[in-house]
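**Q** Dropping a structure here in structure tokens format, bear with me for questions.
The values are calculated or read from the model by the stated rules, or taken from the named source; none is laboratory data. This is a predicted model, so every value here is computed, not measured. Glycine gets a Cβ as well: all are built from the backbone with ideal geometry, and neighbour counts include every protein chain shown. Accessible surface is based on the protein model in full, side chains and every heavy atom, while ligands, DNA and RNA are left aside. Shrake-Rupley method; radii C 1.70, N 1.55, O 1.52, S 1.80 Å.
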Amino acid sequence: MADPSEIGVGMDLEKLLADRLAPAFARVAGAPVDPVVRRSARADFQSDAALALARRLGRPPRAVAAEVLAHADLADVCRVTEVSGPGFVNLTVADDTLAELVLALATDPRLGVPVAAEPETVVVDYSAPNVAKEMHVGHLRSTVIGDAAARLLEWLGHRVLRANHLGDWGTPFGMLIEHLVDLGGAEAARTLSMGDLDSFYQAARGKFDADEAFRERSRRRVVALQGGDEATLRLWRLLVRQSERYFLTVYDLLDVTLTERDFHGESSYNDLLGPVVEDLDRLGLLRDSDGASCVFPPGQVGRDGEPLPLIVRKSDGGYGYPATDLAAIRHRTGTLGATRLLYVVGLPQRRHFDMVYAAAAQAGWLAAPARAEHVGFGSILGADGRMLRSRAGGSVKLVGLLEEAIARATALARQRNPELGEAEAAEVGRAVGIGAIKYADLSSDRHKDYVLDWERMLSLDGDTAPYLQYAYARIRSIFRRAGETAGPAAAISLAEPAERALALALVGFGTVVGEVADGLEFHQLTGYLYRLAAAFSSFYERCPVLRADGPVRDGRLVLCDLTARVLRQGLYVLGIRTPDRL
RNA sequence: GCGCCCGUAGCUCAGCGGAUAGAGCAGGGGACUUCUAAUCCCAAGGCCGCAGGUUCGAAUCCUGCCGGGCGCACCA
């Protein structure tokens, strides 16, 4: 058996094996070599570093692999070590070692995931709906991915600042405020609080397009707003507040951790825009182009092959998006002390953010160790494969999707489990329905475009959140019947292949979480959790827990408990609830 | 025109330098006297868009095509 000190809290099996192989590789190669240990279908783990090394040494790969194995100190942690195929090193972990790891994990509240060695201040910029506009499915990805990032990094011990960059400023507010005036404050508040933002916006838009007098009023109103007219600001605040209130109800329904404290609308940077432009000018980064004040980040070229400008101040003196984004960066790194800035925004805006980051770096507002990452995601496409447009009535209201999901899941819960009371069925329906939608979004590579497939998002079969929630509920059911919690087992039997496979899956949690924390590719986490739940389901089928005897039963209870905790924590990170019963 | 993203089973997607390319759904066959069958097990399903190249080895890296999406100065 391995030295227990090696199998401490947060120990990682892949790292353990790599650490054991590394000296042997170094000895054979005469220099350090990464053993590249990874999971394998042929054995528990595989190292293919001998193949690459063989070429460098000009020797037969199998001979190199054999020599590495001969020098590797693996006898206490592996049951089988062998050279296979063209020169792979296959490793089968000893059951004792695996059992030790599981027992160590079972007493680790962090489930093998260490707290970040160097906690950072991280700003996660996500969701960002527009005041007086409905949230549509296009907001789903940013909100769901961003929330997962915030939850994950927070769990890892970072100081996470959520930033909901609300669209609360700009020319549309002229017409919105005038429409508000037409309706009267009370009526407007009523409409907005009902969550009928679309009709409010459409009505304002309609008047703006059709009525020249209204258009003129709107223009004057924008000037008054920007000029700080108190009466206008009051109306504006009413709009913003009502919208925020509505968005919070959506976040509540969606189980998103954004709160009223996280609204940092564009307008909150207004006072910083002037200084930003002044500083850029003082640094000599600003150039006039057709009357607009621009930064020209290197390497950015437009349609005509000319350098592409980042317009910080328009020719009419107004500020655009770039100015606000630059001010936000300066505020986040400077005032807030953040070193990691995440922007959970669609991929189409990649160029924009590349330019903003480049400009911020030139200005010295984004200097190491601080860095910005565009956590981009693909567009939402319609069934025709084209981008879903919000204008032409092509948008799909987000709450409509959520309500449909909850209704379906609630109906299924009632049908499948008549024991559930009405209130519990509703709770389950909500957890399952929302979980299904989030899982559908998080389980595919975020870089890819996303065809809005109602059926797929509402699906409750197969590789979906309910599958994982079901596995969790089954475990809870076992403990309800047992009337006990998992006792401290002295040992864990892994004689059954299904037990062993489950144990192997469990000890891989830390590795996956570490990878996801870096790349924020949450489909890696959903994939892991699905494989874990599948391993559990097979185990559940073949290995009776409560009917087993003494030590076997104790060991299985530990496996169950650990599985439940990993599933719960993993799903928590994804923002998906785990009801005790389905 | 330039840039970014993407073409993998009928459908939705993993895999992104390693062995016989994996899941889910749909369709086929089995398993509920036994801890929730929202489950499990079995079989079937593939010129990995096309063509070159690099490599002992390519779905994966490079180049060129073909096809789809998005972006390219005062909108956010």
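**Q** Quick check on this structure: which one of A:Ala411, A:Ala361, A:Ala368 is farther than 30 Å from A:Val123 by Cβ and open to solvent by 20 Å² or more (accessible area, probe 1.4 Å)?
**A** A:Ala411
**Q** Assigned to a helix (DSSP H, G or I) and either over 26 Å from A:Tyr343 (Cα atoms) or not hydrophobic (A, V, I, L, M, F, W, C) (or both): does that describe A:Ser127?
**A** Considered against the rule, which asks whether it is assigned to a helix (DSSP H, G or I) and either over 26 Å from A:Tyr343 (Cα atoms) or not hydrophobic (A, V, I, L, M, F, W, C) (or both), A:Ser127 comes out as no.
**Q** Just to verify a result, which residue in the range A:133-189, among those that are surrounded by fewer than 20 Cβ atoms within 10 Å (Cβ to Cβ) and of a type in the set (Asp, Glu), is nearest to A:Thr526 (Cα to Cα)?
**A** Step by step, filter the range A:133-189, then rank; the result is A:Glu154.
**Q** Which residue pairs have Cβ atoms under 9 Å apart, sit 6 or more places apart or on different chains, and have a first residue in the range A:518-547 that is within 13 Å of A:Ile475 (Cβ to Cβ) and a second that is acidic (Asp, Glu) and open to solvent by less than 60 Å² (accessible area, probe 1.4 Å)?
**A** As it stands, the answer is A:Phe539/A:Glu499; A:Cys543/A:Glu499, since those pairs meet every condition given.
**Q** Count, please, the residues in the range A:448-468 that happen to be within 9 Å of RNA strand B (Cβ to nearest atom), farther than 29 Å from A:Cys543 by Cα and open to solvent by 80 Å² or more (accessible area, probe 1.4 Å).
**A** 4
**Q** Identify the single condition in (1) part of a strand (DSSP E or B); (2) at positive phi that A:Ala132 does not satisfy, given that it satisfies every other one.
**A** Failing condition for A:Ala132: (1).
Residue by residue, here is whether (1) among the charged types (D, E, K, R); (2) within 17 Å of A:Ala106 (Cβ to Cβ); (3) open to solvent by 20 Å² or more (accessible area, probe 1.4 Å) holds:
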site	(1), (2), (3)
A:Asp518	yes, no, yes
A:Leu532	no, yes, no
A:Phe536	no, yes, no
A:Arg547	yes, no, yes
A:Val558	no, yes, no
A:Tyr572	no, no, yes
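**Q** Does A:Phe522 meet the test of being of a type outside the set (Gly, Ala, Ser), more than 28 Å from A:Asp445 (Cα to Cα) and buried (at least 24 other Cβ atoms within 10 Å of the Cβ)?
**A** So A:Phe522 fails the test.
**Q** Has the range A:107-123 got at least one residue that is within 30 Å of A:Val399 (Cβ to Cβ) and either not small (Gly, Ala, Ser) or not assigned by TED's automatic domain parsing to the domain that holds A:Thr249 (or both)?
**A** yes
**Q** Taking strands (runs of 3 or more DSSP E) that do not extend beyond the range A:3-95, which have at least 1 residues that are aromatic (Phe, Trp, Tyr)?
**A** The strands (runs of 3 or more DSSP E) meeting that bar are A:45-47, A:88-93.
**Q** Let me ask you something else. Restricting to the range A:472-496, name every residue that is in contact with a Ser or Thr (Cβ under 9 Å, 6 or more places away or on another chain) and more than 8 Å from RNA strand B (Cβ to nearest atom).
**A** Within the range A:472-496, A:Tyr472, A:Ile475, A:Phe479, A:Pro488 meet the criteria.
**Q** Using beta carbons and a limit of 7 Å, which pairs, at least six apart or on different chains, have the first residue in the range A:213-235 and under 19 Å from A:Gly318 (Cα atoms) and the second one of a type in the set (Val, Ile, Thr) and open to solvent by 40 Å² or more (accessible area, probe 1.4 Å)?
**A** Partner pairs satisfying both residue conditions: A:Val222/A:Thr171.
**Q** Among the residues in the range A:302-325, are any near RNA strand B (Cβ under 9 Å from one of its atoms), assigned to a loop (DSSP other than H, G, I, E, B) and under 29 Å from the mean Cα position of the chain (by Cα)?
**A** Yes; the residues of the range A:302-325 include at least one that is near RNA strand B (Cβ under 9 Å from one of its atoms), assigned to a loop (DSSP other than H, G, I, E, B) and under 29 Å from the mean Cα position of the chain (by Cα).
**Q** Determine if the range A:190-201 includes at least one residue that is touching a His at 6+ places or on another chain (Cβ under 8 Å) and open to solvent by less than 50 Å² (accessible area, probe 1.4 Å).
**A** The answer is yes, given that some residue of the range A:190-201 is touching a His at 6+ places or on another chain (Cβ under 8 Å) and open to solvent by less than 50 Å² (accessible area, probe 1.4 Å).
**Q** Being near RNA strand B (Cβ under 10 Å from one of its atoms), without any contact (Cβ under 8 Å) to a residue 60 or more places away in the chain and either under 26 Å from A:Val432 (Cβ atoms) or within 14 Å of the chain's Cα centre (by Cα) (or both), is that true of even one residue in the range A:548-558?
**A** Looking through the range A:548-558, none of the residues is near RNA strand B (Cβ under 10 Å from one of its atoms), without any contact (Cβ under 8 Å) to a residue 60 or more places away in the chain and either under 26 Å from A:Val432 (Cβ atoms) or within 14 Å of the chain's Cα centre (by Cα) (or both).
**Q** Let me ask something else. Which ones in the range A:236-252 are open to solvent by 40 Å² or more (accessible area, probe 1.4 Å), over 29 Å from A:Val312 (Cα atoms) and touching a residue at least 12 places away in the same chain (Cβ under 8 Å)?
**A** A:Arg245, A:Leu248, A:Thr249, listed by residue number.
**Q** Given the residues A:Ala425, A:Ala471, A:Ala383, which is the only one that is in contact (Cβ under 8 Å) with a residue 12 or more places away in the chain, open to solvent by 20 Å² or more (accessible area, probe 1.4 Å) and hydrophobic (A, V, I, L, M, F, W, C)?
**A** Only one candidate passes the filter, namely A:Ala383.
**Q** Is there any pair linking a residue in the range A:291-308 that is closer than 16 Å to A:Tyr321 by Cα and free of Cβ contacts under 8 Å to residues at least 24 places away in the same chain to one that is of a type in the set (D, E, K, R) and surrounded by 10 or more Cβ atoms within 10 Å (Cβ to Cβ), with Cβ under 6 Å and at least six apart or on different chains, and which?
**A** Matching pairs, first to second residue: A:Ala292/A:Lys314; A:Ser293/A:Arg313; A:Cys294/A:Arg287.
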